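Only the coordinates and a few stated rules stand behind these numbers; no lab work does. All figures in this text were calculated on a predicted structure; none of them were measured in a lab. Neighbour counts are summed over all protein chains in view; Cβ atoms, including those assigned to glycine, are modelled from backbone coordinates with ideal geometry.
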Amino acid sequence: MILVTGASGYIGSHTCVELLNAGRQIVGLDNLCNSSLDAVESVKKLTGKEFPFYVADLLDEESLERVFSENEIDSVIHFAGLKAVGESVAKPVWYYKNNISGTVNLLEAMQRHGVKRMVFSSSATVYGAPDEVPIREDAPTRTTNPYGSTKLYIEGILRDLCVADPEFSVALLRYFNPIGAHKSGLLGENPNGIPNNLMPRLCQAVKGQMKELTVFGTDYPTVDGTGVRDYIHVCDLARGHLHALKKIEKDFGIFVYNLGTGKGYSVFELINTFSRVNKVEVPYVICPRRPGDVASVFADPSKAKTELDWEAELGLDDMCADSWNFIKDK
Ligand code: NAD
Ligand code: UDP
């Protein structure tokens, strides 16, 4: 059985659908600090399958112990964590406690129960401002904010664990920019409060929940001066976890993979595609660069293709259509 932490979150819920559809047995855990039980109900509805779900916090060791003793867990896919860059700058200690102590508690519970496989949600943020694009997994790592540091430190903890225990296997998945939603419109990203990322902000601007989208900088050395990112459909990303799991079920050690499409799109390209596909106007205003942003970030995803037999299949049109389909009536 696979324990999915952060199972009701954006990427976790889509991954639960993939796992259940592949016939895997899962148990979900989430403290609901950034998600709701609606996502769990949607996963059950979409798959027609039931699974145990615990409203539990990784910081609560007793609850974790209960989850491990009540279920036959053999692998963990670990999504749970806080992910807002700005909030992490304002509350670094809280981010280190939640993300790092939470992971350490989880690893202790795994050790007590002899569970030796983990797929971990890392991020392209560990590359900081990359020296070159496309980015390969062996590029230098450096972080520019506490959120990114939690990812890099957890990667380090997992590396140490794999050295200490040669029977441990870990896949570190460095996600690029997940957007999109499940085709059904039942699952997607509906962040609490004011979102930071481009797609949820763009959707809020179209819905009139925000006056206009702020385009952060048109003077980057890119195709049209706006920032370029590697947007990946959340369903492609979710599928990648199943491939990573198969890899660590087969091989011991630590494996690092970029999960991206390998294609970069600018902010204007995203706005134009969104407008065309959904037949809506995107009101926007040009603003100065956002501090800390870099011009261009996109993956070299060839390692995941060679070693995991995985590659992204959905394009920017699908990402824009599915994001809007999920959020337009919310
Ligand atoms: P999300 O916020 O939708 O999901 C994370 C889930 O973890 C939430 O449901 C939240 O309630 C839960 N959680 C947080 N702290 C917890 C704790 N202490 N105990 C139990 N549950 C807890 O975020 P997401 O976009 O689905 O991201 C999943 C993972 O992927 C995160 O680790 C995130 O850092 C990482 N990631 C996300 C992105 C992105 O752009 N969405 C990019 C790279 C990496
Ligand atoms: N961006 C923007 N306006 C916004 C939010 C983001 O122009 O309101 C730009 C940002 O400068 C970057 C791209 O959109 O070039 C993606 O930003 P996001 O925060 O989604 O991802 P990240 O920068 O973390 O990769």
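Some points to look at:
- Counted residues, segment 138-168 - those being away from ligand 1 (no atom under 15 Å from the Cβ) and either crowded, with 23+ Cβ neighbours inside 10 Å or in a loop (DSSP other than H, G, I, E, B) (or both): 8
- Restricted to helices (runs of 4 or more DSSP H) entirely inside segment 187-281, those with at least 1 residues that are touching a helix residue (DSSP H, G or I) at 6+ places or on another chain (Cβ under 9 Å) and of a type in the set (Phe, Trp, Tyr) are 267-278.
- Residue match in segment 220-238 (condition: surrounded by fewer than 21 Cβ atoms within 10 Å (Cβ to Cβ), without any contact (Cβ under 8 Å) to a residue 24 or more places away in the chain and either within 13 Å of ligand 1 (Cβ to nearest atom) or among the hydrophobic types (A, V, I, L, M, F, W, C) (or both)): no
- Among the strands (runs of 3 or more DSSP E) confined to segment 50-125, the ones with at least 1 residues that are more than 16 Å from ligand 2 (Cβ to nearest atom), within 26 Å of Ser149 (Cβ to Cβ) and not acidic (Asp, Glu) are located at 75-78, 117-123.
- Within segment 181-199, the set of residues being more than 13 Å from ligand 2 (Cβ to nearest atom) and of a type outside the set (A, V, I, L, M, F, W, C) comprises His182, Lys183, Ser184, Gly185, Gly188, Asn190, Asn192, Gly193.
- Selection over segment 303-330 of residues that are buried (at least 20 other Cβ atoms within 10 Å of the Cβ) and small (Gly, Ala, Ser) gives a count of 3.
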